[in-house]
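What follows draws every value from the coordinates through simple rules; no lab data is involved. Keep in mind that what you see is a predicted model, and the values were worked out from it rather than measured. Ideal geometry is used to build each Cβ from the backbone, glycine not excepted, and the neighbour counts take in all protein chains shown.
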Amino acid sequence: MLIYKCSSCAGDHSIRDDRIITQNNERYFHCPDTGDRVYISEVKTNIDIILEDKLGQRIKNGSIIDIHQTVNGCNTFLVNNLIKDDIRYFPDINRKYEYSVDELLDRNTFDKTVEVIGFLNKNRLKHYCL
């Protein structure tokens, strides 16, 4: 389930994958508040995709996440750019994550394991703990 920022009512809506409608190569959902169609573009210009970790904290650019398992010996990652699916190994941020970003961020699952453990803002580290 993803949370979308709605372009119709400006609210945030949790939308399950089975509620996304695909028709003529266009994807949309109906706003629960207004009933309007909200189109989902692959470049994500009409709406902002908002992800949450297992505790309900938002995952955003600059978030440091713990996936509670290891990938190539690492379990912490930096979300560099959500729109471009640019995820970096942390603390080695020069190394880009090379596998499925959807699976890493639990985008399509109900049982979240990802947890936000810190935030990196303009190379300043906040609230990071091991």
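With a/c under 1.5 counting as rounded, go ahead and sort the stretch 54-126 into rounded, prolate or oblate using the C-alpha gyration tensor (a ≥ b ≥ c being the square roots of the eigenvalues; past the cut-off, prolate if a/b is larger than b/c, else oblate). Note, shape of the stretch 54-126 comes out rounded.
Estimated from the Cβ-Cβ distance and a Förster radius of 30 angstrom, the FRET efficiency linking N94 and I21 is about 0.15. Fully extending the segment from T113 to T34, taken as 0.36 nm per residue of separation minus the present Cα-Cα distance, adds 25.2 nm.
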